[in-house]
Every structure is written in structure tokens, then in C-alpha cells.
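Every read-out reported here was derived from the displayed coordinates using simple, explicitly stated rules and does not represent laboratory data. Here the structure is a predicted model, which means the values were calculated and not measured. Quick reminder, even Gly has a Cβ in these numbers, built from the backbone with ideal geometry, and neighbours come from all protein chains shown.
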Amino acid sequence: VAASGPEAATLLGVPALGVPAAGSGPVSAPVTPGEEQPLVAGKYRLVRLLGQGGMGAVYEARHEELGKRMAVKLVDTKVGHPQEVVDRFRREARATGAIDSEHIVQVFDAGDDPARGLYMAMEYLRGCDLATALTRVGRLEVDAACALVGQVAVGLQAAHEAGIVHRDLKPANIFLVPRSDGSLLVKLVDFGIAKVLDAAHPSHAMSLGTTRQGAVVGTPQYMSPEQAQGLRDVDARSDMYSLGAVFHEILTGASMVPLLATYEMTILHIMTKPVPPLRSLCPAAPAALAELIGRMVALEPEQRPADMEQVIAALLELRPALASLPLRIDGLVFDSVSRMPRSFSHPALGPRAGARSPSLAAADEVTPTDEPLVLPMRPASRGVLVAGLSALVALVALGWWSLRSTPEAPATRTPR
């Protein structure tokens, strides 16, 4: 695996709304052709625009004193963005900067420039995110999948030891950086909705400040059941579930949880549908690996591995060579132009604009999105939640069925 030249760079955590997705062509451009390159905070010279959206932009930059190439993310605080966006930006900088691991994107500096607004200076990465890689190579071989998840687990363990829960782990936030020997270094990106735990009580979280009370944040296909309910006691075991969902996907080539027409239907699927059998979709997976992933995505947090160290130990027991085996993905070639990642730096605050009513085409699947979701949701007991969602889906299904010219027998759902 090798990059195809010095421009094979991708920035992470970019506010990419309205910017072409990876694979659709170059998105970089000079800052302002023919004019002096702007200076941020008196030390970061903006070289070129790499992507922008309604909430900010990311630039390739050069440190004036060190000459170091960096990525600088800007959020303009003068255009009336919600305070939640500003707070999220600051939390992302603090959370990422607090973690010391080669598997976490480095943040070097953050602050408020009077002329340019909030800025964050971070390492400039070459490579692509895992979501892009999967579109190019499909599923991964067992050894490559184990090596990749092992690196992610090391990064998450460092985050959890620093009291940080990512809460939005997904392929778009797992970045693959090519090394000089052709192997890959995994880095976790976009800690914009991370959660800070109480050091005295690791299983309980401190107030986030930026997330509305009872709000559900994350990407539905990878959210743990407790996160999907908007419960306050979401801890590191929620990341365990998300990593298990990613592990299942990279081995099978398909999302463990389909993104259905409504948020409620997707969450009901998580709560009641059994996980697709791993070995029926990936026969090469050892039984012990299937058992490990099954525990990682257990419905109850108490049934999952206690921490990422247990996952790492289990992987090393399955594949002892992982301790020295470099990560390689056959067939993955990086483009020679800058690409935008699929992850968005700032999720929508509230329901997505233009979201369909649950009564319309409720049985259809929609195009998956990697945009984190923020929806108001009152915490409830699991039984009440499932019962309420079941009633809602039943009403939706009845309305949809009545509009069809040829009725079909309703499908049954088998609880896990």
C-alpha cells in the first residue's frame, strides 16, 4: 500500500457539508489566488482551502516559525452559529488533546483568533478513512481485520484511560495512514461528541454542557442500545459495542444494523433483532472470533468485555502474530489528490432537515449517511422504549400496508 505522491492527503473531522465525498474529485483550492496567504493566531499561514461547509472550513497550513505542515480547522463565531456548535468545537480540541496515543489524531493548538474565529491546529494526515477503504476493497481478510481492530482498541483504551468516551466510532472516523514500508497506521478522529467521564466514578459521566438534556447523539447504525436510548450512564462499554459493530462490518462487508426509514425503526431493530450470524457471512472467521464479537455487541453493557485490554488480549490469543504483524489491506491504493473524509466535523443540531415523516415509505430503506445524529429523546426503561417503538412501528406498518395494492403478510421480529 502506498500513496501516489505528495498530495495524497486527507483531512479528518472536516465540516464537509456540501463538499464532494471521497472519490468524487479534488476539493482543494488556493485560499485566495493572487493575494497574500492569511495568518491565523499570528503563526499559522493558510496555504489552501481543503473543504468547507456551513459551520466552518479546514485549510492546509504552515507554521510560520517551524515550517511544519498542519491542518487548521476554523469555525467563524461571528455568523451566529449555535452555541452548541462552538462548545462542541472546544470540547473536541480538549478531548483529543488530552489523549496520548499514536492512534489518536494529534491536536497541537486551539484558540480564538479575533479575525478568524475559533481555530484548531492538528496533524496533517495522508491516507483515507476506513469507510472509503471498504468501498474500494470490500470486506477485509480475517488477519487484516484483527490487526485493524487491535490498533483501534489500543487507541480507545488510551482514550478511556484519559476519561474520554468517543461515542461516534464508525468507519468514517477510523483513519488509515500509509507508512513508508507499506503498512498502515490507524488513527481515530473526530471527538466532537466525545463524553468526559467522572474520574472518581468511571461508570458515570459528568455533565457534557453542550449536549441538550436527554439528547441522543451518534450515528444510528453504530450506536449502542444505551446510547440510542439517551441514557446518562453511557460509558466506555458503549464504544465497545460500536467497535464490535465495525468489526462485524469489515469482516462481512455489510453493516450489522441496516439504516431504516426512520430513527425509531432503526433503534427498534437494534433492540430486538438478533445480530446477523458472523460465520454464515464470513466462513473464514474462527468460532472464537465470532464469540468475541458477539460479546462486544451484547445488548446489556454488563455482558460485554470490561475494557479494550480484554479485546486486545483475546485478539492476541486468536492471532499471536498480531503483536508484530503490520496492518496491510490488499488492493488498497490511495489517490494522488486531497480528498474529504466521510465524517462531518459538526453534526446537525436537532432532526435532519427534510427528514421524511414516519408515515411515508416506512418500510423502505434510505441511503445511509455518516453524519452524526442529534435527536431529543427522553430516557426511559428498555421495556418501555421497546414497547413504545413497537407500537409506533405497528401503526406505521399498518398505514403503509393499507396503501399497497397487494397486501403482504407482516414480518415477525424475534427478540434477541
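Quick one: net charge around residue 283, please, counting Lys, Arg +1 and Asp, Glu -1 for every other residue with C-beta under 14 Å from its C-beta. So the environment of residue 283 carries a net charge of +1.
Using C-alpha pairs under 8 Å with a sequence gap of at least 6, the mean separation divided by the residue count of the range 29-123 gives a relative contact order of 22 percent. Which shape class applies to the range 60-110: rounded if a/c is under 1.5, otherwise prolate when a/b exceeds b/c and oblate if not, where a ≥ b ≥ c are the square roots of the Cα gyration tensor eigenvalues? Oblate, since a/c reaches 1.5 and b/c is not below a/b. Of all lysines in the structure, those lying under 18 Å Cα to Cα from residue 195, and not within fewer than 8 positions of it along the same chain, are 170.
Computed from backbone phi, the HN-Hα couplings of the range 265-271 come to 5, 5, 5, 4, 4, 4, 7 Hz, rounded to whole numbers (Karplus: 6.51 cos²θ - 1.76 cosθ + 1.60, θ = phi - 60°; Gly and Pro given as x).
So between residue 83 and residue 102, what do we pick up on full extension, going 0.36 nm a residue minus the alpha carbon distance?
That works out to 3.7 nm of additional length.
Using a cut-off of 28 Å between Cα atoms, the listed pairs 68/187; 73/187; 187/273 include 187/273 as exceeding that distance.
Charged neighbours of residue 257, selected by a Cβ distance under 10 Å, balance to 0 (K, R count +1; D, E count -1). Multiplying the residue separation of residue 318 and residue 284 by 0.36 nm and removing their Cα-Cα distance gives an extension gain of 10.9 nm.
The per residue volume of the convex hull around the alpha-carbon atoms of the range 128-323 is 122 Å³.
Take every Cα-Cα pair in the range 29-123 and report what % of them are more than 15 Å apart. Here the tail beyond 15 Å accounts for 60 percent of pairs. In order along the range 273-283, the phi-based Karplus estimate (6.51 cos²θ - 1.76 cosθ + 1.60, θ = phi - 60°) of 3J(HN,Hα) comes to 8, x, 5, x, x, 4, 6, 6, 9, 9, x Hz; Gly and Pro are listed as x. Stretching residue 68 away from residue 112 to a fully extended chain increases their span by 13.8 nm, per 0.36 nm per residue minus the current alpha-carbon distance.
Would you please put 38-46, 257-265, 277-285 in order of how densely packed they are, using the mean number of other Cβ atoms within 10 angstrom per residue and starting with the highest?
Those peptides, ordered most packed to least, come out 257-265, 38-46, 277-285.
Near residue 182: Cβ cut-off under 14 Å, other residues only, Lys/Arg at +1 and Asp/Glu at -1. The net charge is +1.
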